[in-house]
Amino acid sequence: MPEETHLDPLPPDSAVDELLEISETVEHALPTRQFCVYRAGRERFCLPVLEVEEAVDWPLVTRVPLGPPFLMGIFNLRGTIIPVVDIAVTEGRRPGLLPRSVIVAVLAGDERGDDTHIGIAADEVIGTYPASSQSLLEHSPPDMPHCRGMLRHDERLALVVDLRQLVHVFSVPVI
């Protein structure tokens, strides 16, 4: 639970310099969120770290017969079967060139259902980055309905993945 902040009113005779100094310290204390940034195909994507369970090296993935093209297969992660989705499927991966990692994400369940685990194929895990409200943009490309905005990091942009939309758009099987 975030720490509560209590603000005390300033006396009416406070100097402008004092007010600026106080506003700068409050600005630095603003909470930031962390995002896991990775590359899939030519695009950079990111997820809030609270939705990422872990990033694993490419496991032994079992193909699913008659599965859709975006479903690379399933794998066993310590007793949990994880479907692996390739969100860069539209770019057409070269045959035989497998991604390097899988980002295992968890979509929190509601009172009627359990959590949903999903693996996202990643060619490169770039790292985690803090994000303030200034580094998050509300707009995302209209042809990517599974994204809900963009994150500015290292003078680059990463598309913010919406897990709920990703499961809906890619019809991820629940196993």
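Screening SER133 with (1) of a type in the set (S, T, N, Q); (2) at pLDDT 85 or above; (3) out of contact with any Gly (no Cβ under 8 Å at 6 or more places or on another chain) gives one miss only, at (2). Quick check: is even one residue across the range 68-83 open to solvent by 70 Å² or more (accessible area, probe 1.4 Å), modelled with pLDDT of 85 or more and touching a strand residue (DSSP E or B) at 6+ places or on another chain (Cβ under 6 Å)? Checking the range 68-83: not a single residue is open to solvent by 70 Å² or more (accessible area, probe 1.4 Å), modelled with pLDDT of 85 or more and touching a strand residue (DSSP E or B) at 6+ places or on another chain (Cβ under 6 Å). Figure legend. Inter-residue proximity from the range 157-175: first residues within 18 Å of CYS36 (Cα to Cα), second residues at pLDDT 85 or above and open to solvent by 60 Å² or more (accessible area, probe 1.4 Å), beta-carbon distance below 6 Å, spacing 6+ or different chains. Indicated pairs: VAL160/ARG148; ASP162/ARG148.
The single condition among (1) touching a strand residue (DSSP E or B) at 6+ places or on another chain (Cβ under 8 Å); (2) at negative phi; (3) not acidic (Asp, Glu) that PRO142 does not satisfy is (1). Just checking, does the range 136-153 include any residue being under 19 Å from GLY73 (Cβ atoms), at pLDDT 85 or above and open to solvent by less than 20 Å² (accessible area, probe 1.4 Å)? Looking through the range 136-153, none of the residues is under 19 Å from GLY73 (Cβ atoms), at pLDDT 85 or above and open to solvent by less than 20 Å² (accessible area, probe 1.4 Å).
For the range 104-148, the candidate set comprises residues that are touching a Ser or Thr at 6+ places or on another chain (Cβ under 7 Å) and without any contact (Cβ under 8 Å) to a residue 24 or more places away in the chain; within that set, the residue that is nearest to GLN34 (Cα to Cα) is ARG148.
The values are calculated or read from the model by the stated rules, or taken from the named source; none is laboratory data. These numbers were taken from a predicted model, which means no experiment stands behind them. We place every Cβ from the backbone using ideal geometry, glycine too, and count neighbours over all the protein chains shown. Side chains included, ligands, DNA and RNA excluded: accessible areas come from the protein's heavy atoms. Shrake-Rupley method; radii C 1.70, N 1.55, O 1.52, S 1.80 Å.
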